[in-house]
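Here the structure comes first, spelled out in structure tokens, and everything after it is commentary.
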Amino acid sequence: MVTEAVEMGWAAFVIAVLVPAVILITRPSRFWQRVTLPPAAALPLFLLLHAAVTLGSCRYPPGPLLHRALDAVLIAGSFLFWLPVLGIRHRLSDPGRCMYLFLAAPLLDMPAVGMIALGDTFGGLTMIVAMLPIGIAAMVVTWRWVIDEERIQAAAPELSSESPTA
């Protein structure tokens with residue numbers, strides 16, 4: 001049971017921290033531009049995939065080989081989930097990225113709540129805690145957006161005072 005919880009926590013950490021880090025490091029790659037989905041498709045597809053793999057594995061524990069295959073599919077899906085936030089093609093605006101992440105964070109925790117309801121309390125709580133970086137990313141994106149807007153507003157009077165008046 002503890003081993004399962006550690007595996008759940010690790011999988012959630014990979015989705016919430018390692019995948020975005022890989023995208024940020026390799027963002028200039030043309031590969032990401034080819035595989036990016038529009039946000040309206042990426043978010044619901046990943047939410048469904050995450051719920052199916054998480055709850056399906058909890059309800060019907062797969063064998064070791066199938067378990068690894070499901071983890072690989074979930075990690076591949078998480079790349080598609082993060083690309084509208086961190087990628088180049090189909091990248092959301094700052095307000096869109098805030099909304100996307102703030103919407104995704106609690107929805108991605110719902111399968112963990114289901115795990116808790118099915119009796120895997122430790123695994124469900126571990127997954128919720130390991131997915132917290134998505135909420136933190138939402139706060140960082142929001143903070144950066146606010147700072148950028150303040151910078152634009154602060155520069156606006158300077159720009160208008162430099163323009164010639166008739």
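So, with a 1.4 angstrom probe, what is the percent of accessible area on the chain that is carbon and sulfur? Write out the running numbers ahead of the final one.
Numbers: 7060 of 9720 Å².
Using a 1.4 Å probe with all protein chains present, the chain comes out at 73 percent carbon and sulfur.
Modelled label-to-label distance, T26 and R68, 7 Å Cα→beta-carbon offset: nm?
2.0 nm
Report the local net charge at M115: Lys and Arg +1, Asp and Glu -1, summed over other residues whose C-beta lies under 15 Å from its C-beta. Intermediate values should be presented prior to the final figure.
On the way: positive: R59; negative: E4, E7, D109, D120.
So the environment of M115 carries a net charge of -3.
Output the peptides 95-101, 146-152 sorted from most to least packed, where packing is the average of other Cβ atoms within 10 Å over each peptide's residues.
Details: 95-101: 18.4, 146-152: 10.7.
Packing proxy ranking, top to bottom: 95-101, 146-152.
Which one, I116, P157, A69, projects farthest toward the positive side of the charge dipole computed for the chain from Cβ point charges (K/R +1, D/E -1)?
Checked the options; the winner is A69.
Report the gain in length on full extension from V35 to E7: 0.36 nm times residue separation, minus Cα-Cα distance, nm rounded to one decimal. Before the final figure, lay out each step's value.
Details: separation 28, 0.36 × 28 = 10.08 nm, distance 2.74 nm.
So the chain would gain 7.3 nm between V35 and E7.
What spacing in nm lies between the two simple spin-label points modelled at V146 and I88, each 7 Å away from Cα in the Cβ direction?
Using points 7 Å along Cα→Cβ, the separation is 3.1 nm.
Over the chain, average the accessible area per residue using a 1.4 Å probe and give it in Å², no decimals. Provide the component values of the computation, followed by the final result.
Values: 9720 Å² over 166 residues.
Value returned for the chain: 59 Å² of accessible area per residue.
Size of the dipole of the range 1-118 about the Cα centre, Lys and Arg at +1 and Asp and Glu at -1 on the beta carbon, nothing else charged, in debye to 20? Don't skip to the answer; put the middle values down first.
Working: 8 positive and 5 negative charges, 107 e Å.
Magnitude of the dipole: close to 520 debye.
Between (i) 12.0; (ii) 14.6; (iii) 17.1, which entry matches mean projected area of the Cα convex hull in nm² as derived from the coordinates of this structure?
Only one option fits the structure, namely (i).
What's the local net charge at P20, with K and R +1, D and E -1, over the other residues with C-beta under 15 Å away? Let's see the in-between values first.
Values: positive: R27, R91, R97, R144; negative: none.
Net of charged neighbours comes to +4.
Picking from G96, M139, V14, whose Cα lies most toward the positive end of the charge dipole for the chain (charges on Cβ: Lys, Arg +1; Asp, Glu -1)?
V14
Keeping all protein chains in position, work out how much accessible area M110 exposes to a 1.4 Å probe, and write it in Å² to the nearest 10.
Taking all protein chains as shown, M110 has close to 110 Å².
What area, in nm² and to one decimal, does the C-alpha convex hull of the range 32-114 cast on average over all directions?
Averaged projected area of the range 32-114's Cα convex hull equals 5.5 nm².
Between A51 and M99, what is the spin-label point distance in nm, taking each point 7 Å from the Cα along the Cα→C-beta axis?
Those two pseudo-labels are separated by 2.1 nm.
The values are calculated or read from the model by the stated rules, or taken from the named source; none is laboratory data. Bear in mind that the values here come from a model prediction, so they are computed numbers and not experimental data. Every residue, glycine as well, gets a Cβ built from its backbone with ideal geometry; the counts of neighbours run over all protein chains shown. Keep in mind that these areas ignore ligands, DNA and RNA; they rest on the heavy atoms of the full protein, side chains included. Shrake-Rupley method; radii C 1.70, N 1.55, O 1.52, S 1.80 Å.
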